[in-house]
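S.K.: This is the structure I want to talk about, given as C-alpha coordinates.
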Amino acid sequence: MSQVAFIGAIEIGLVFGLVALGVFLSFRVLNFPDLTVDGSFPLGAAVAASLIVDGSNPVLATVAAVLAGAFAGLVTAWLNLRFRIMHLLAGILVMIALYSINLRIMGRPNVALIGEATLVSPLAALGIANLYAKPLVAGAAALTALLLIARFLASDYGLAMRATGANPRMARAQGINTNRLTYAGMAMANGLVALAGALFAQTNGFADVTIGTGTIVVGLAAVIVGEALFGSRSIFIAVIGCIAGSVIYRLAVALALEVDFLGLTAADLNMVTAALVALALILPGVRNPFRAKTPQAGRP
(Lines give C-alpha, C1' and ligand atoms only; values in the text may rest on other atoms or scores of the structure.)
Protein backbone atom coordinates (compact mmCIF):
# COMPACT_ATOMS: atom_id res chain seq x y z
CA MET A 1 0.00 0.00 0.00
CA SER A 2 1.34 3.40 -0.96
CA GLN A 3 1.88 6.16 1.59
CA VAL A 4 -0.87 8.27 0.05
CA ALA A 5 -3.37 5.40 0.23
CA PHE A 6 -2.33 4.58 3.81
CA ILE A 7 -2.71 8.14 5.10
CA GLY A 8 -5.91 8.58 3.10
CA ALA A 9 -7.39 5.46 4.71
CA ILE A 10 -6.49 6.77 8.18
CA GLU A 11 -8.06 10.13 7.36
CA ILE A 12 -11.36 8.61 6.19
CA GLY A 13 -11.26 6.17 9.10
CA LEU A 14 -11.00 9.04 11.60
CA VAL A 15 -13.84 10.95 9.91
CA PHE A 16 -16.09 7.89 9.94
CA GLY A 17 -15.01 7.23 13.51
CA LEU A 18 -17.39 10.07 14.38
CA VAL A 19 -20.12 8.19 12.51
CA ALA A 20 -19.24 5.09 14.53
CA LEU A 21 -19.59 7.07 17.76
CA GLY A 22 -23.02 8.26 16.64
CA VAL A 23 -24.09 4.73 15.72
CA PHE A 24 -22.74 3.48 19.06
CA LEU A 25 -24.89 6.01 20.93
CA SER A 26 -28.08 5.13 19.06
CA PHE A 27 -27.68 1.37 18.58
CA ARG A 28 -25.69 0.31 21.63
CA VAL A 29 -26.49 2.90 24.32
CA LEU A 30 -30.11 3.77 23.49
CA ASN A 31 -30.99 0.49 21.72
CA PHE A 32 -32.56 2.66 18.99
CA PRO A 33 -31.98 1.25 15.47
CA ASP A 34 -31.54 4.52 13.59
CA LEU A 35 -31.26 4.85 9.83
CA THR A 36 -31.33 8.65 9.92
CA VAL A 37 -27.53 8.69 9.62
CA ASP A 38 -27.72 8.07 5.86
CA GLY A 39 -29.40 11.46 5.65
CA SER A 40 -27.72 13.38 8.49
CA PHE A 41 -24.22 12.67 7.09
CA PRO A 42 -24.87 14.49 3.78
CA LEU A 43 -26.93 17.05 5.74
CA GLY A 44 -23.82 18.05 7.70
CA ALA A 45 -21.81 18.24 4.48
CA ALA A 46 -24.51 20.28 2.72
CA VAL A 47 -24.93 22.80 5.53
CA ALA A 48 -21.19 23.29 6.08
CA ALA A 49 -20.35 23.52 2.36
CA SER A 50 -23.19 25.93 1.56
CA LEU A 51 -22.30 28.27 4.42
CA ILE A 52 -18.60 28.22 3.59
CA VAL A 53 -19.30 29.04 -0.07
CA ASP A 54 -21.51 31.91 1.11
CA GLY A 55 -18.57 33.33 3.08
CA SER A 56 -19.21 32.01 6.58
CA ASN A 57 -16.43 31.09 8.99
CA PRO A 58 -15.61 27.36 8.69
CA VAL A 59 -15.92 26.87 12.45
CA LEU A 60 -19.37 28.47 12.54
CA ALA A 61 -20.38 26.49 9.45
CA THR A 62 -19.32 23.26 11.17
CA VAL A 63 -21.25 24.15 14.33
CA ALA A 64 -24.34 24.87 12.20
CA ALA A 65 -23.93 21.47 10.54
CA VAL A 66 -23.84 19.75 13.94
CA LEU A 67 -27.00 21.59 15.04
CA ALA A 68 -28.77 20.61 11.81
CA GLY A 69 -27.86 16.96 12.34
CA ALA A 70 -29.03 17.14 15.96
CA PHE A 71 -32.37 18.51 14.80
CA ALA A 72 -32.75 15.62 12.34
CA GLY A 73 -32.17 13.19 15.22
CA LEU A 74 -34.79 15.00 17.29
CA VAL A 75 -37.34 14.63 14.48
CA THR A 76 -36.70 10.88 14.27
CA ALA A 77 -37.08 10.50 18.03
CA TRP A 78 -40.24 12.66 17.95
CA LEU A 79 -41.87 10.48 15.29
CA ASN A 80 -41.09 7.39 17.35
CA LEU A 81 -42.04 8.68 20.79
CA ARG A 82 -44.95 10.98 19.94
CA PHE A 83 -46.64 8.96 17.19
CA ARG A 84 -45.37 5.46 18.05
CA ILE A 85 -43.82 4.97 14.62
CA MET A 86 -41.37 2.07 14.64
CA HIS A 87 -37.70 3.05 15.11
CA LEU A 88 -36.54 1.86 11.71
CA LEU A 89 -39.49 3.36 9.85
CA ALA A 90 -39.09 6.73 11.61
CA GLY A 91 -35.43 6.82 10.58
CA ILE A 92 -36.26 5.87 7.00
CA LEU A 93 -38.89 8.61 6.76
CA VAL A 94 -36.48 11.28 7.99
CA MET A 95 -33.68 9.94 5.79
CA ILE A 96 -35.89 10.15 2.68
CA ALA A 97 -37.03 13.67 3.58
CA LEU A 98 -33.43 14.78 4.12
CA TYR A 99 -32.54 13.91 0.54
CA SER A 100 -34.84 16.66 -0.71
CA ILE A 101 -33.83 18.99 2.13
CA ASN A 102 -30.16 18.59 1.26
CA LEU A 103 -30.91 19.46 -2.37
CA ARG A 104 -32.77 22.54 -1.16
CA ILE A 105 -29.88 23.60 1.06
CA MET A 106 -27.24 23.27 -1.66
CA GLY A 107 -29.48 24.40 -4.52
CA ARG A 108 -27.87 21.76 -6.71
CA PRO A 109 -26.66 18.13 -6.38
CA ASN A 110 -23.13 19.08 -5.30
CA VAL A 111 -21.08 22.01 -4.03
CA ALA A 112 -17.34 22.39 -4.60
CA LEU A 113 -15.09 23.85 -1.91
CA ILE A 114 -11.97 24.21 -4.05
CA GLY A 115 -10.23 27.46 -3.13
CA GLU A 116 -12.51 28.10 -0.13
CA ALA A 117 -11.26 28.52 3.44
CA THR A 118 -11.95 25.39 5.51
CA LEU A 119 -10.84 23.93 8.84
CA VAL A 120 -7.77 22.59 7.03
CA SER A 121 -6.69 26.04 5.80
CA PRO A 122 -4.95 27.20 9.03
CA LEU A 123 -2.66 24.15 8.95
CA ALA A 124 -1.95 24.70 5.26
CA ALA A 125 -1.00 28.30 6.10
CA LEU A 126 1.60 26.91 8.53
CA GLY A 127 3.23 25.01 5.68
CA ILE A 128 1.78 21.58 6.52
CA ALA A 129 0.97 19.60 3.40
CA ASN A 130 -2.68 18.72 2.82
CA LEU A 131 -1.76 15.05 2.91
CA TYR A 132 -0.94 15.41 6.62
CA ALA A 133 -3.13 18.39 7.51
CA LYS A 134 -6.41 16.62 6.73
CA PRO A 135 -5.84 13.59 9.00
CA LEU A 136 -4.61 15.96 11.74
CA VAL A 137 -7.90 17.89 11.63
CA ALA A 138 -9.93 14.68 11.50
CA GLY A 139 -7.87 13.19 14.33
CA ALA A 140 -8.31 16.25 16.54
CA ALA A 141 -12.09 16.14 16.02
CA ALA A 142 -12.25 12.38 16.66
CA LEU A 143 -10.12 12.60 19.82
CA THR A 144 -12.17 15.49 21.21
CA ALA A 145 -15.44 13.68 20.52
CA LEU A 146 -14.06 10.46 22.03
CA LEU A 147 -13.08 12.15 25.30
CA LEU A 148 -16.33 14.11 25.57
CA ILE A 149 -18.56 11.09 24.87
CA ALA A 150 -16.61 8.85 27.27
CA ARG A 151 -16.85 11.50 29.99
CA PHE A 152 -20.53 12.07 29.32
CA LEU A 153 -21.46 8.39 29.46
CA ALA A 154 -19.64 8.07 32.79
CA SER A 155 -21.64 10.98 34.29
CA ASP A 156 -24.96 10.63 36.12
CA TYR A 157 -26.87 11.84 33.06
CA GLY A 158 -24.95 9.41 30.86
CA LEU A 159 -25.65 6.53 33.25
CA ALA A 160 -29.34 7.42 33.11
CA MET A 161 -29.17 7.33 29.31
CA ARG A 162 -27.50 3.93 29.41
CA ALA A 163 -30.20 2.69 31.78
CA THR A 164 -32.84 4.00 29.37
CA GLY A 165 -31.42 1.86 26.58
CA ALA A 166 -30.79 -1.20 28.75
CA ASN A 167 -34.17 -1.35 30.52
CA PRO A 168 -36.62 1.52 29.92
CA ARG A 169 -39.21 0.15 32.33
CA MET A 170 -36.72 -0.08 35.17
CA ALA A 171 -35.37 3.38 34.30
CA ARG A 172 -38.87 4.91 34.48
CA ALA A 173 -39.46 3.17 37.82
CA GLN A 174 -36.35 4.96 39.12
CA GLY A 175 -37.81 8.33 38.12
CA ILE A 176 -35.80 8.74 34.89
CA ASN A 177 -37.46 10.65 32.09
CA THR A 178 -36.71 8.15 29.32
CA ASN A 179 -38.30 10.25 26.57
CA ARG A 180 -36.12 13.24 27.35
CA LEU A 181 -32.99 11.09 27.37
CA THR A 182 -33.97 9.46 24.09
CA TYR A 183 -34.36 12.90 22.50
CA ALA A 184 -30.97 13.97 23.87
CA GLY A 185 -29.23 10.78 22.77
CA MET A 186 -30.63 10.88 19.25
CA ALA A 187 -29.66 14.53 18.91
CA MET A 188 -26.11 13.76 20.06
CA ALA A 189 -25.82 10.73 17.75
CA ASN A 190 -26.93 12.54 14.61
CA GLY A 191 -24.99 15.66 15.57
CA LEU A 192 -21.83 13.53 15.56
CA VAL A 193 -22.74 12.05 12.19
CA ALA A 194 -23.38 15.53 10.77
CA LEU A 195 -20.01 16.64 12.15
CA ALA A 196 -18.44 13.77 10.23
CA GLY A 197 -20.24 14.93 7.09
CA ALA A 198 -19.02 18.50 7.57
CA LEU A 199 -15.43 17.29 8.01
CA PHE A 200 -15.74 14.98 5.01
CA ALA A 201 -16.84 17.87 2.81
CA GLN A 202 -14.01 20.12 4.02
CA THR A 203 -11.25 17.52 3.75
CA ASN A 204 -12.39 16.21 0.36
CA GLY A 205 -13.30 19.58 -1.14
CA PHE A 206 -16.94 18.92 -2.04
CA ALA A 207 -20.39 18.05 -0.73
CA ASP A 208 -22.70 15.80 -2.70
CA VAL A 209 -26.27 14.75 -2.06
CA THR A 210 -25.37 11.05 -2.54
CA ILE A 211 -22.40 10.77 -0.16
CA GLY A 212 -24.62 9.39 2.61
CA THR A 213 -25.40 6.14 0.80
CA GLY A 214 -24.27 3.22 2.97
CA THR A 215 -23.16 5.41 5.90
CA ILE A 216 -25.07 3.25 8.38
CA VAL A 217 -23.29 0.12 7.10
CA VAL A 218 -19.87 1.73 7.53
CA GLY A 219 -20.77 2.94 11.02
CA LEU A 220 -22.03 -0.46 12.10
CA ALA A 221 -18.97 -2.15 10.59
CA ALA A 222 -16.68 0.13 12.62
CA VAL A 223 -18.60 -0.56 15.84
CA ILE A 224 -18.60 -4.32 15.25
CA VAL A 225 -14.89 -4.44 14.36
CA GLY A 226 -14.06 -2.34 17.42
CA GLU A 227 -16.08 -4.58 19.73
CA ALA A 228 -14.57 -7.72 18.22
CA LEU A 229 -11.01 -6.48 18.72
CA PHE A 230 -11.27 -4.41 21.92
CA GLY A 231 -14.36 -5.81 23.65
CA SER A 232 -16.69 -3.74 25.78
CA ARG A 233 -15.31 -4.16 29.29
CA SER A 234 -15.85 -0.47 29.97
CA ILE A 235 -17.43 2.49 28.24
CA PHE A 236 -14.03 4.09 27.65
CA ILE A 237 -12.72 0.95 25.92
CA ALA A 238 -15.92 0.68 23.87
CA VAL A 239 -15.66 4.30 22.72
CA ILE A 240 -12.00 3.87 21.80
CA GLY A 241 -13.00 0.72 19.91
CA CYS A 242 -15.41 2.76 17.75
CA ILE A 243 -12.64 5.06 16.49
CA ALA A 244 -10.03 2.31 16.23
CA GLY A 245 -12.51 -0.02 14.53
CA SER A 246 -13.29 2.61 11.91
CA VAL A 247 -9.60 3.18 11.14
CA ILE A 248 -8.84 -0.56 11.02
CA TYR A 249 -11.87 -1.18 8.83
CA ARG A 250 -10.79 1.51 6.35
CA LEU A 251 -7.23 0.20 6.28
CA ALA A 252 -8.53 -3.33 5.64
CA VAL A 253 -10.71 -2.08 2.77
CA ALA A 254 -7.83 -0.10 1.24
CA LEU A 255 -5.49 -3.09 1.57
CA ALA A 256 -8.01 -5.49 0.04
CA LEU A 257 -8.56 -3.20 -2.94
CA GLU A 258 -4.81 -2.82 -3.53
CA VAL A 259 -3.84 -6.50 -3.33
CA ASP A 260 -3.16 -7.42 -6.94
CA PHE A 261 -3.82 -11.17 -6.82
CA LEU A 262 -7.39 -10.63 -5.55
CA GLY A 263 -8.23 -8.64 -8.67
CA LEU A 264 -10.54 -6.26 -6.81
CA THR A 265 -11.38 -2.74 -7.95
CA ALA A 266 -13.22 0.24 -6.49
CA ALA A 267 -16.45 -1.24 -7.91
CA ASP A 268 -16.04 -4.13 -5.44
CA LEU A 269 -16.13 -1.85 -2.37
CA ASN A 270 -19.59 -2.98 -1.22
CA MET A 271 -18.64 -6.63 -1.56
CA VAL A 272 -15.48 -6.08 0.49
CA THR A 273 -17.52 -4.20 3.09
CA ALA A 274 -20.02 -7.06 3.41
CA ALA A 275 -17.21 -9.61 3.72
CA LEU A 276 -15.41 -7.64 6.43
CA VAL A 277 -18.59 -7.09 8.45
CA ALA A 278 -19.47 -10.80 8.19
CA LEU A 279 -15.95 -11.73 9.30
CA ALA A 280 -16.16 -9.37 12.28
CA LEU A 281 -19.46 -10.97 13.30
CA ILE A 282 -18.20 -14.53 12.90
CA LEU A 283 -14.79 -14.31 14.57
CA PRO A 284 -15.92 -13.55 18.17
CA GLY A 285 -18.11 -16.67 18.14
CA VAL A 286 -15.47 -19.04 16.80
CA ARG A 287 -14.32 -21.42 19.49
CA ASN A 288 -10.59 -21.65 20.07
CA PRO A 289 -9.67 -25.36 19.61
CA PHE A 290 -6.47 -24.97 21.64
CA ARG A 291 -8.34 -23.48 24.59
CA ALA A 292 -10.76 -26.42 24.60
CA LYS A 293 -7.88 -28.90 24.90
CA THR A 294 -6.10 -27.02 27.68
CA PRO A 295 -7.08 -28.30 31.17
CA GLN A 296 -8.29 -25.61 33.54
CA ALA A 297 -6.42 -24.88 36.74
CA GLY A 298 -7.35 -27.20 39.59
CA ARG A 299 -8.75 -29.88 37.27
CA PRO A 300 -7.05 -33.02 36.04
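The values are calculated or read from the model by the stated rules, or taken from the named source; none is laboratory data. Bear in mind that the values here come from a model prediction, so they are computed numbers and not experimental data. Don't worry about glycine lacking a Cβ; one is built from the backbone with ideal geometry, like all the others, and counts go over all protein chains shown.
S.K.: Give me a count of the residues in region 141-160 that are more than 26 Å from A171 (Cα to Cα) and either touching a strand residue (DSSP E or B) at 6+ places or on another chain (Cβ under 9 Å) or surrounded by fewer than 14 Cβ atoms within 10 Å (Cβ to Cβ) (or both).
M.R.: At the first step, the residues of region 141-160 found to be more than 26 Å from A171 (Cα to Cα) are 141-145.
Then keep just the ones that are either touching a strand residue (DSSP E or B) at 6+ places or on another chain (Cβ under 9 Å) or surrounded by fewer than 14 Cβ atoms within 10 Å (Cβ to Cβ) (or both); that gives 143-144.
Counting residues in region 141-160 that are more than 26 Å from A171 (Cα to Cα) and either touching a strand residue (DSSP E or B) at 6+ places or on another chain (Cβ under 9 Å) or surrounded by fewer than 14 Cβ atoms within 10 Å (Cβ to Cβ) (or both) gives 2.
S.K.: On to the next question. Quick check, is F41 at pLDDT 95 or above, out of contact with any Lys or Arg (no Cβ under 9 Å at 6 or more places or on another chain), in a helix (DSSP H, G or I) and surrounded by fewer than 24 Cβ atoms within 10 Å (Cβ to Cβ)?
M.R.: On the way: at pLDDT 95 or above: yes; out of contact with any Lys or Arg (no Cβ under 9 Å at 6 or more places or on another chain): yes; in a helix (DSSP H, G or I): yes; surrounded by fewer than 24 Cβ atoms within 10 Å (Cβ to Cβ): no.
Considered against the rule, which asks whether it is at pLDDT 95 or above, out of contact with any Lys or Arg (no Cβ under 9 Å at 6 or more places or on another chain), in a helix (DSSP H, G or I) and surrounded by fewer than 24 Cβ atoms within 10 Å (Cβ to Cβ), F41 comes out as no.
S.K.: Related question: Look at M106 and say whether it is touching a residue at least 60 places away in the same chain (Cβ under 8 Å) and either within 22 Å of the chain's Cα centre (by Cα) or closer than 30 Å to P168 by Cβ (or both).
M.R.: On the way: touching a residue at least 60 places away in the same chain (Cβ under 8 Å): yes; either within 22 Å of the chain's Cα centre (by Cα) or closer than 30 Å to P168 by Cβ (or both): no.
When the stated conditions are applied, M106 does not pass them.
S.K.: Of these, A189, A166, which one is aliphatic (A, V, I, L, M) and either within 30 Å of I7 (Cβ to Cβ) or in contact with a Leu (Cβ under 6 Å, 6 or more places away or on another chain) (or both)? Reasoning before the result, please.
M.R.: Values: A166 fails: either within 30 Å of I7 (Cβ to Cβ) or in contact with a Leu (Cβ under 6 Å, 6 or more places away or on another chain) (or both).
Residue meeting the stated conditions: A189.
S.K.: How many residues does region 151-180 hold that are in contact (Cβ under 8 Å) with a residue 60 or more places away in the chain and touching a Gly at 6+ places or on another chain (Cβ under 9 Å)?
M.R.: Residues meeting the conditions: 3.
S.K.: Taking the condition modelled with pLDDT of 95 or more and either over 23 Å from I12 (Cβ atoms) or not in a helix (DSSP H, G or I) (or both), does I52 pass? Give the steps one after another, and end with the answer.
M.R.: Values: modelled with pLDDT of 95 or more: yes; either over 23 Å from I12 (Cβ atoms) or not in a helix (DSSP H, G or I) (or both): no.
No.
S.K.: On the given criteria, is A163 touching an Asp or Glu at 6+ places or on another chain (Cβ under 8 Å) and either surrounded by 14 or more Cβ atoms within 10 Å (Cβ to Cβ) or farther than 19 Å from A194 by Cα (or both)? Even if it seems obvious, please write down each step before you answer.
M.R.: Working: touching an Asp or Glu at 6+ places or on another chain (Cβ under 8 Å): no; either surrounded by 14 or more Cβ atoms within 10 Å (Cβ to Cβ) or farther than 19 Å from A194 by Cα (or both): yes.
Spelling it out, it is not the case that A163 is touching an Asp or Glu at 6+ places or on another chain (Cβ under 8 Å) and either surrounded by 14 or more Cβ atoms within 10 Å (Cβ to Cβ) or farther than 19 Å from A194 by Cα (or both).
S.K.: Tell me, which residue of region 1-33 that is within 22 Å of L148 (Cα to Cα), of a type outside the set (K, R) and over 12 Å from the mean Cα position of the chain (by Cα) is surrounded by the fewest Cβ atoms within 10 Å (Cβ to Cβ)?
M.R.: Just the residues of region 1-33 that are within 22 Å of L148 (Cα to Cα), to begin with: 10-32.
If we keep only those that are of a type outside the set (K, R) as well, we get 10-27, 29-32.
Filter once more, so that each one left must be over 12 Å from the mean Cα position of the chain (by Cα): 10-11, 29-32.
On the way: I10: 19, E11: 25, V29: 23, L30: 26, N31: 15, F32: 24.
Ranking the qualifying residues of region 1-33, first place goes to N31.
S.K.: Could you list, in sequence order, the residues of region 210-227 that are outside any helix (DSSP H, G or I) and either among the small types (G, A, S) or crowded, with 22+ Cβ neighbours inside 10 Å (or both)? Talk me through it step by step, then tell me what you get.
M.R.: Looking only at region 210-227, we keep the residues that are outside any helix (DSSP H, G or I), and these are 210-214.
Within region 210-227, G212, G214 meet the criteria.
S.K.: What about V23, is it closer than 30 Å to N167 by Cα and modelled with pLDDT of 95 or more?
M.R.: Numbers: closer than 30 Å to N167 by Cα: yes; modelled with pLDDT of 95 or more: yes.
Taking the combined requirement at face value, the residue satisfies it.
S.K.: Enumerate the pairs (first residue in region 118-140 and of a type in the set (K, R); second residue anywhere and in a helix (DSSP H, G or I)) with beta-carbon separation below 8 Å, excluding pairs fewer than 6 apart on the same chain, so at least 6 apart or on different chains.
M.R.: K134/E11; K134/T203
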